[in-house]
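Take a look at the structure set out below.
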């Protein structure tokens, strides 16, 4: 086997033990890498413990294409039990950390235990654990800079939010790249682990190097000529602020309407207002990342999801504030989607008399002038921030907000793609193993024409949800996402599936085809479901709240999803998946 080293680094922070392990070749063949291998290992370890237990493993993995010239594969996946959902947590990030890990000669790292004082892990020609009290209490950018001054490591680290166990804290790396959503930064903080720093120099082994390199070049040229790539190069992910509103896909006023002057926050306007440059992750030919001149600072982002959550969802039209808030959140190491939905939701509850909390009201006064303080209070667990760090659902339930007015699935906040615009997107939120997640099945892309008939992915009427063929399309899309997150390749890199099949075969020496991709994706989904059931998940947790299902006044009746319609779609989903237990 090539592509992977078959070297997994094991680190126990409680006793400073460091060793390496291998896996049988058939496991690599059938779980590939990334989320597939990580989920397999999590299940095999059987550490179904509290997320903040020292025994809860933090599993970090690259994929077989990571560290190779194949475009847009410079990513890494992190898996652990999520403190936010209390289910299997997974997140992947771009940047350069994954590439460096592979070039250091490791496919992944499994970290258990808890250091007795703040520590970092350094990996280059050796592996060591260093006590670093001087880094505790520092935010991400400062931490990264201090470690990189010692040596040109690639660094993944937490900010103060992870230290303070904010349940939606992220693990950051490079230029604002984040392994976010599931609160895995809090898991890292609970281990007294501030950072992992890696520096590698090895060449990743490939089974058929000449064939692979030619294929990688062809894939790069294909992506460079793609209209999607051109749009992302020009505007980054914020291009959806220009395209999405016309489809009703950019929610406003905490998911209650689409009444917002979207042109005020368009990607086109953003580019005209600020000095913006592109940022590329490792081996990326797209460059969707943005760096922005903001006063005397060069800051990262913001991405579409951040702009939508802190713009129309909140009712804010001020770009300067969004950039400021985005930078604060990145530096503290939090997830911008969860933070944005939490802040937007509380604003809605306050305005409509659903809660009456004077401490919260002050944050929103004078056109949101206190939001920066709110972000810092959450990150530092200060004042009411100590309650808000638990996430929207826990805070809302404790204040008697009805379930259908809480924009979460499995306790994770709903992203900025409105299920009333693409109803299968909502079914994808409801059934995702990690909670509401647009990246587990991007149905808004499928129903705009991104078919993949070889995988059974077919676009259709975006307002039809409970037809069996439509549900099967969602399932096939979810299955394919497991392949992409195991290889690992960026979701924006819309390479032909045959190219990905060949790349994986040429890299590893295993023989892949469409049918094998389908089966592997299905098996990984089934494994994650099995894990979540052991962690206490019930079928009732596959639920989409009414706030994103109800019809918006003046919009089409078919955009709504009734309880009965959702139930019928879920029954079809379970039948196809054979999840009728």
Item to complete: Please enumerate the residues belonging to the range 243-261 that are surrounded by fewer than 20 Cβ atoms within 10 Å (Cβ to Cβ) and either touching a helix residue (DSSP H, G or I) at 6+ places or on another chain (Cβ under 6 Å) or touching a residue at least 40 places away in the same chain (Cβ under 8 Å) (or both).
Response: 247, 248, 253, 256, 257, 261
Worksheet item: Taking helices (runs of 4 or more DSSP H) that do not extend beyond the range 439-553, which have at least 1 residues that are surrounded by fewer than 17 Cβ atoms within 10 Å (Cβ to Cβ) and at pLDDT 95 or above?
Response: 468-487, 497-508, 514-534
Worksheet item: Which members of the range 427-438 meet the condition of being outside any helix (DSSP H, G or I) and within 23 Å of residue 31 (Cβ to Cβ)?
Response: 432, 433, 434, 435, 437
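Please find, within the range 160-173, the residue that is surrounded by the fewest Cβ atoms within 10 Å (Cβ to Cβ) out of those that are in contact with a strand residue (DSSP E or B) (Cβ under 7 Å, 6 or more places away or on another chain) and outside any strand (DSSP E or B). Walk me through it before giving the result.
Taking the range 160-173 first, the residues in contact with a strand residue (DSSP E or B) (Cβ under 7 Å, 6 or more places away or on another chain) are 161-162, 166, 168-173.
From what's left, outside any strand (DSSP E or B): 161-162, 166, 168, 170.
Working: 161: 33, 162: 29, 166: 34, 168: 33, 170: 34.
Per the stated criteria, the residue is 162.
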Worksheet item: Among 42, 52, which is in the same structural domain as residue 164 (by TED's automatic domain parsing), in contact (Cβ under 8 Å) with a residue 40 or more places away in the chain and buried (at least 23 other Cβ atoms within 10 Å of the Cβ)?
Response: 42
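When you check residue 204 against the structure, is it closer than 22 Å to residue 6 by Cα, in contact with a helix residue (DSSP H, G or I) (Cβ under 7 Å, 6 or more places away or on another chain) and crowded, with 18+ Cβ neighbours inside 10 Å, yes or no? Give the steps one after another, and end with the answer.
Details: closer than 22 Å to residue 6 by Cα: yes; in contact with a helix residue (DSSP H, G or I) (Cβ under 7 Å, 6 or more places away or on another chain): yes; crowded, with 18+ Cβ neighbours inside 10 Å: yes.
Yes.
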Discussion item. Just to be sure I understand, how many residues within the range 288-300 are surrounded by 17 or more Cβ atoms within 10 Å (Cβ to Cβ) and not in a strand (DSSP E or B)?
Written reply: 1
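Restricting attention to the range 128-141, and to residues there that are assigned to a helix (DSSP H, G or I) and touching a residue at least 24 places away in the same chain (Cβ under 8 Å), which single residue is nearest to residue 192 (Cα to Cα)?
First pass over the range 128-141, keeping only residues assigned to a helix (DSSP H, G or I): 133-135, 140-141.
Cutting the leftovers down to touching a residue at least 24 places away in the same chain (Cβ under 8 Å) gives us 135, 140-141.
Numbers: 135: 11, 140: 15, 141: 18 Å.
So the residue we want is 135.
Yes or no: the range 220-228 includes at least one residue that is over 23 Å from the mean Cα position of the chain (by Cα), over 24 Å from residue 328 (Cβ atoms) and part of a loop (DSSP other than H, G, I, E, B).
Yes.
Could you check how many residues of the range 377-410 are assigned to a helix (DSSP H, G or I) and crowded, with 16+ Cβ neighbours inside 10 Å? Please lay out each step first, then the result.
First, pick out the residues of the range 377-410 that are assigned to a helix (DSSP H, G or I): 377-379, 385-388, 392-398, 403-405.
When the remaining residues are screened for being crowded, with 16+ Cβ neighbours inside 10 Å, the result is 377-379, 385, 387-388, 392-396, 405.
Total satisfying the criteria: 12.
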Fill in: Residue ID - surrounded by the fewest Cβ atoms within 10 Å (Cβ to Cβ), chosen from residues in the range 554-568 that are in a loop (DSSP other than H, G, I, E, B) and within 28 Å of the chain's Cα centre (by Cα)
560
Discussion item. On the basis of being under 25 Å from residue 248 (Cβ atoms), touching a helix residue (DSSP H, G or I) at 6+ places or on another chain (Cβ under 6 Å) and assigned to a helix (DSSP H, G or I), does residue 328 make the cut?
Written reply: no
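Output the residues belonging to the range 357-375 that are farther than 16 Å from residue 338 by Cβ and touching a helix residue (DSSP H, G or I) at 6+ places or on another chain (Cβ under 8 Å). Before the answer, list the steps.
Step one: filter the range 357-375 for residues farther than 16 Å from residue 338 by Cβ, giving 357-370, 372-373.
Scanning the range 357-375 gives 357, 360, 361, 363, 364, 368, 370, 372, 373.
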Discussion item. For the condition assigned to a helix (DSSP H, G or I) and touching a strand residue (DSSP E or B) at 6+ places or on another chain (Cβ under 9 Å), what is the one hit in 188, 241?
Written reply: 188
Worksheet item: Residues of the range 301-321 being under 18 Å from residue 174 (Cα atoms) and surrounded by fewer than 23 Cβ atoms within 10 Å (Cβ to Cβ), which ones?
Response: 303
Discussion item. Which pairs turn up if I take residues in the range 369-396 that are at positive phi and look for partners that are in a helix (DSSP H, G or I) with beta carbon separation below 7 Å, at least 6 apart in sequence or on another chain?
Written reply: 383/359; 383/377; 391/338; 391/342
Discussion item. Of all residues being assigned to a strand (DSSP E or B) and touching a strand residue (DSSP E or B) at 6+ places or on another chain (Cβ under 7 Å) in the range 12-32, which is surrounded by the fewest Cβ atoms within 10 Å (Cβ to Cβ)? Just the residue, please.
Written reply: 19
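The values are calculated or read from the model by the stated rules, or taken from the named source; none is laboratory data. Model, not experiment: these values are computed from the prediction. In this analysis, Cβ positions are derived from the backbone assuming ideal geometry, glycine residues included, and neighbour counts consider all displayed protein chains.
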